[in-house]
Amino acid sequence: MLEVDHLVTGYGGVPVLQDVSLTLSAGEIVGLLGANNAGKTTLINSLSGMYAPMSGRIRFEGQDVTAMTPKQRVEIGIIQVPEGRLVFPEMSVRENLLLGGINARARTHRPRQMDHVLELFPRLQERLGQKAGTLSGGEQQMLAIGRALMAEAKLLMLDEPSLGLSPLFVQYIFGIIDRLHAEGLSILLIEQNLNLTLRHAQRCYVLERGKVAVEGASDVVKDDPRTRRAYLGL
Amino acid sequence: MRQEFYKTLMSPVWLVILVLAAVLPPLLPSYYLHIVILSLVYVALASAWNIVGGMAGQISLAHSLFIGTGAMLSTALLLKLGVNMWLGLVISAVISGAMGAMIAWIDFRFQLGHLSFVLITLAFAEMGTVIVEGWDFLGGASGLLLPQDKGDFLAFQFGGGIGAFWVMLVLAIASILINVAILNAPLGYYLRTIRDNENAARAIGVNILRYKVAAMVISAMLSSVIGTAYVRYLTFADPYLLVSPIIIIEIVLFATVGGLGRAYGPAFGALLLVPLGEILRGKLGGTLPGLHYFIYGVVVIAVILMSPRGLLPLFEKWFSRARPKAATTK
Amino acid sequence: MAEFLQALAQGLLIGSTYGLLALGMGLVYGVSGVVNFSHGDFISLGMFLCLALYSALALDPYVSLVITVPLMTVIGGLVYWYLLRPMVGHQFLMVVQLTLGLSLVLQNGILMVFGGQPARTPSVVESKLLILGDVVVRVPHVIAFVVSFAMAIGLYIMLRSTDFGRSIRAVHQNAHAAALMGIDVSRVQTLTFALGIGILAIAAALLLPGTPIQPAQGLRYTVITLIVVALGGMTNFVGIMLGGLIIGLSEAYGTIYLSDTLGMLLPYGIFVLIMLFRPQGLTWSSSR
Ligand SMILES: Nc1ncnc2c1ncn2[C@@H]1O[C@H](COP(=O)(O)OP(=O)(O)O)[C@@H](O)[C@H]1O
Ligand SMILES: [Mg+2]
C-alpha cells in the first residue's frame, strides 16, 4: 500500500532523513520507533507532503505521490494525527471534527462519519460544544484521532499518540488503535514507547539518526540487540 | 575592526570624488546641478536612517519628525525669534536627539517588537504632521519662507547652487562615513546582534537600551542637521514636503532598494532612484504627475521580489565576477 | 446637549464603517500575518473606480458596487498571489516595505489617471437628511451604518458556519494543522486577502457620498484602520467593530470640544497609549 524508496529529506539543504526505505501493506499496523530527534516527525511530515524530498520517491496504492501537495494526499486518504495533537484550540469539538472531514472526498459523508467517531469516543459526544483548547490532553488526543477519522483515512499515521498521557489514557488510545485496525484500517504508528509499540504493531522499523537501523517482525526487532542500542543512542 | 574604517578614510576614491566635485558642478546646467544636490540630500538621509532602520532592523517611520524639526524649527526660530540659523541647527538637532532617545526608550521599555515599532513610529509621524499644520509658530499649513540666500556663511547661507552642493556633499560623505564607522565599531556589532535576535542579545547581557538609544540619537540628530541644510537650499519650508510621512517612506524604499544595513547600500539606492525620479518628473511631470513615485513603487516591489537584500549585493557580485583578481574592498 | 447628541450620532455612524475597514485588515493579518500598508490606497482605488463609473456611465456609487466589488476582489487576489505569497517565510519587515511600495504605486497610479484635484462623486441620496428630534443625520451615513453592521454580522456568520469560514479560522489558529486537514493554506490566504479588498470596495462606496476625494488620502485611511485594529485586537471581531465606533466618536467629539489640532491628535494619542499598555487591544481575542 505504501512504499517509501530511498527518501532523503532535510531542512535548508541539510538532510535529516538519509536514505529511508519502508513499506506497509494494506491492513497492517507498522511501528516506527526511534529516540528523540531520530527524524520520525520529519518522516511523517514528508509522507503528508509538508516538505518536498531532496531525493527518493513515495508510492501509495501503486501511485507515485512524491510530487503531490498535502491537500492531494489527504484526498487520497493519507491522514496524519500530528505530534502534540494540534487541535484548533479556539474552536469547538464539533467544529474540529467538521474540519477533519473538509477534504473534497470526505465532505459529503460528514454526518455519517461524525456518528461513527462519536460512537467510538463517547467522551467527545459530551463535549461537542466545548472549545478544544479546554479539553484535557487525553481528550485532545481523542479529538485529534477523531478528526483524522473524519477525513476517511485509508492510511492513518499517528505521531507519538501516547506523548504526555497518563497510563490509563495510553491503554485506552492503544485499544482504539487496535479496534481501528480490526475494522481494516492501515496504520503507521510512530512512537518512542518501545514495548507498547512492539506489542501492538505487526512489523517495526527503528530509526536512528535519520537512517533505518533495524527492521522486521516485532518479535525479531524486539530481540535484536541493535534496537536497544539505537534507542539509547549508543 | 577600526583599521577597516581608516582604510576607507584613506581610500583614493575620495580624491577622485573631490576632483570631480571641484570640476563638474560649474560645468553642469543648473537643472542637473539641482538633481545632483537632491541626490546628495537623499544619500545623506537614507544613510542616516540606515543606522536605525538597517543596522538595528527597526523600520522607523518617525524620521520625518527629525527632518521636519531640523527644517521647520530652525526656520521658525530665525523668522519668529531672530535666532541665528547655526544656533537653530544645533537647537533642532538637540531636540531631535531628545525625541529619538524618547522613542528608543519607549521601544525598549515596552518591548515593542518590530511590527508595533513600525505602527507607533507611523503614528508619531502623523501626529507631527498634524501639529506642524496646526501650529502657526512653525508656519502652519502654508509653510515659511526663508530670506534670500546671499552667501553669508555666518548666517548659514552658502550662496545656493554650488555652495549648497558642497554642503550636501559634506553631509552625504559624513553620513556614509558615520555608517562605516559604526559598522566597524562595537556599536555596529551590537546593533546587528540585537536586530538578529533581541532575546539572545539580552540573554548574553548586551545593554540593549544603551545601544538602541545611541543608534536612534545619532540617526535623529544627523537627520535633523540634514533637514536644516535642505530647507536652506529649498528656501521654502514646505510642511507637505518636509514633515509628511511620504519623505520617510521614500527614504525607506531607497534604502531597501540599495541594501539595508550596509554602509553604502542606502546611498546606492538613493543615487540610483533620485536622478531617475527627478528626470522622469522633469520630462513628464507636467503630463503625468506622480510618475516618479509610481516608478519608485514598482522598482521597490521588483527588487524585494527578485533580490530581497537589495541591489548593492547584486552589483558587488557582478563586479567581483568581472574582475576576479581585484582586491575585495567592502 | 444637541451638539453632544449630534456628535454621538455622527461618530457612531462613521465609526461603523471604520470598523468595517478594519475587519478586512484584521482578517488578512489573522491568516497570513500581513499588515498591509497599502490598505488605505485600496480604499482610494475603490472610491476612484466609483468616480470613473460615474463619469463614464453616470452610475450612482451604490450601483457601481456591482462592478467595483468583483473587480477589486480579483485585484486583491492577484496582488496576494503574485506579490505577497512569494514573501512567505521571508523576513516580516520585507512585507512592510513591499506594501509601502504598493501604496506608492496605487496612489500615484490614481494620481496619473485622475489628477490631484479633490473630486466628488454625486449620489441621489447625497443631500438627503434624516431628522430625529434635535439630531440631523445624513442619509448616506445611515446607509453606511446599516450596511457596515450587516456586513460585519454576515462575515461573522460566514466565519462561524461555513467551511470556508472554518478554514480561515483554522489557518489562523494553526496553519500547519490546517494543511494536514487538506486545507490549501495559500489558497485560503489568497481568498481572504481578496475578500478583504472586496470589503474595501463596499466601504469605499459607503464613505463616498458627500466626501471630496483625492489620491493622497490613502495613508490617512491606512492609519485610521491601523488604529482601529490595534484598539480592537488584531483578530477580535467584536473588538474591532467597537474600536471603529470609539475612533468615530473620538473624532466627532474631538473636533467639537477640543481645538481642531487636538481633536485630530486624539485618535493617535489613544492609539499610542493602547499600543504601549495593551498590545492585544481592548478585549482579548475570544471570538476566533
Ligand atoms: N522545522 C525544522 N527546521 C530545522 N530542523 C528541524 C526542524 N524540525 C526538526 N528538525 C531537526 O531534524 C531532526 C529530526 O527531528 P524530528 O523529525 O522532529 O525528530 P523526532 O520526531 O524523531 O523527535 C532534529 O535534529 C531536529 O532538530
Ligand atoms: Mg517527533
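The values are calculated or read from the model by the stated rules, or taken from the named source; none is laboratory data. Just so we're clear, the structure is a prediction, and the values are computed from it rather than from any experiment. Here Cβ is always computed from backbone atoms with ideal geometry, including for glycine, and neighbour counts include all displayed protein chains. These area figures cover heavy atoms from the full protein model, side chains too; ligands, DNA and RNA do not enter into them. Shrake-Rupley method; radii C 1.70, N 1.55, O 1.52, S 1.80 Å.
Brief remarks on what is shown
- Region A:62-94, residues that are closer than 18 Å to A:I190 by Cβ and either open to solvent by 30 Å² or more (accessible area, probe 1.4 Å) or of a type in the set (D, E, K, R) (or both): A:P70, A:R73, A:E83, A:G84, A:R85, A:L86
- For region A:44-66, filtering for residues that are of a type outside the set (D, E, K, R), over 16 Å from A:V8 (Cβ atoms) and either within 16 Å of ligand 1 (Cβ to nearest atom) or without any contact (Cβ under 8 Å) to a residue 12 or more places away in the chain (or both) leaves 2.
- Candidates are the residues of region C:213-242 that are in contact with a Lys or Arg (Cβ under 8 Å, 6 or more places away or on another chain) and at pLDDT below 90; the one that is surrounded by the fewest Cβ atoms within 10 Å (Cβ to Cβ) is C:T235.
- Of the residues making up region A:154-181, those that are touching a residue at least 24 places away in the same chain (Cβ under 8 Å) and of a type in the set (S, T, N, Q) number 2.
- Residues that are within 14 Å of another protein chain (Cβ to nearest Cβ), in contact (Cβ under 8 Å) with a residue 40 or more places away in the chain and in a helix (DSSP H, G or I) within region A:110-133 comprise A:R110, A:A132, A:G133, listed in sequence order.
- Qualifying residues in region A:24-43 (those that are more than 12 Å from A:V206 (Cβ to Cβ) and near ligand 1 (Cβ under 6 Å from one of its atoms)) - the one surrounded by the most Cβ atoms within 10 Å (Cβ to Cβ): A:T42
- When residues of region B:104-121 are limited to those that are of a type in the set (G, A, S) and buried (at least 16 other Cβ atoms within 10 Å of the Cβ), the one modelled with the highest pLDDT: B:A104
- Hits in region A:80-95 - residues which are part of a strand (DSSP E or B) and at the interface with chain C (Cβ under 8 Å from one of its Cβ atoms): A:Q80
- Flag if A:L185 is surrounded by 22 or more Cβ atoms within 10 Å (Cβ to Cβ) and closer than 29 Å to A:Q72 by Cα: no
Here's the yes/no breakdown for (1) within 14 Å of chain A (Cβ to nearest Cβ); (2) in a loop (DSSP other than H, G, I, E, B):
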{"position": "C:V142", "(1), (2)": "no, no"}
{"position": "C:I168", "(1), (2)": "yes, no"}
{"position": "C:I197", "(1), (2)": "no, no"}
{"position": "C:P209", "(1), (2)": "no, yes"}
{"position": "C:G218", "(1), (2)": "no, no"}
{"position": "C:L231", "(1), (2)": "no, no"}
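- Any chance A:Y205 is within 29 Å of A:V220 (Cα to Cα), part of a helix (DSSP H, G or I) and of a type in the set (S, T, Y): no
- Matching residues in region A:153-173 - criterion: being away from ligand 1 (no atom under 16 Å from the Cβ), open to solvent by less than 10 Å² (accessible area, probe 1.4 Å) and within 14 Å of chain C (Cβ to nearest Cβ): A:L155, A:L156
- All positions within region A:46-81 that are within 16 Å of ligand 2 (Cβ to nearest atom) and touching a Ser or Thr at 6+ places or on another chain (Cβ under 8 Å): A:S46, A:Y51, A:Q80
- Leading residue by the ranking (surrounded by the fewest Cβ atoms within 10 Å (Cβ to Cβ)) among those in region A:1-23 that are within 9 Å of ligand 1 (Cβ to nearest atom) and more than 20 Å from A:T69 (Cβ to Cβ): A:G12
- Per the listing A:L143, A:L98, the residue uniquely modelled with pLDDT of 95 or more, part of a helix (DSSP H, G or I) and open to solvent by 10 Å² or more (accessible area, probe 1.4 Å) is A:L98.
- Meets criteria (surrounded by fewer than 24 Cβ atoms within 10 Å (Cβ to Cβ) and in contact (Cβ under 8 Å) with a residue 60 or more places away in the chain) for C:Y54: yes
- Unique match (being under 18 Å from C:V35 (Cα atoms), among the β-branched types (V, I, T) and surrounded by fewer than 17 Cβ atoms within 10 Å (Cβ to Cβ)) among C:V88, C:V66, C:V95: C:V88
- Close Cβ contacts (under 6 Å, 6 or more residues apart or on different chains) running from residues in region C:106-127 that are under 25 Å from C:I143 (Cβ atoms) to residues that are among the hydroxyl-bearing types (S, T, Y) comprise C:I110/C:S44; C:T121/C:Y54.
- Condition broken by B:P275, with the remaining ones in (1) touching a His at 6+ places or on another chain (Cβ under 6 Å); (2) surrounded by fewer than 17 Cβ atoms within 10 Å (Cβ to Cβ) satisfied: (1)
- Being open to solvent by 10 Å² or more (accessible area, probe 1.4 Å) and closer than 29 Å to B:V298 by Cβ holds for only one residue in B:L241, B:L209, B:L222, and it is B:L241.
- Among the residues of region A:12-21, not a single one is at pLDDT below 95 and within 26 Å of A:L143 (Cβ to Cβ).
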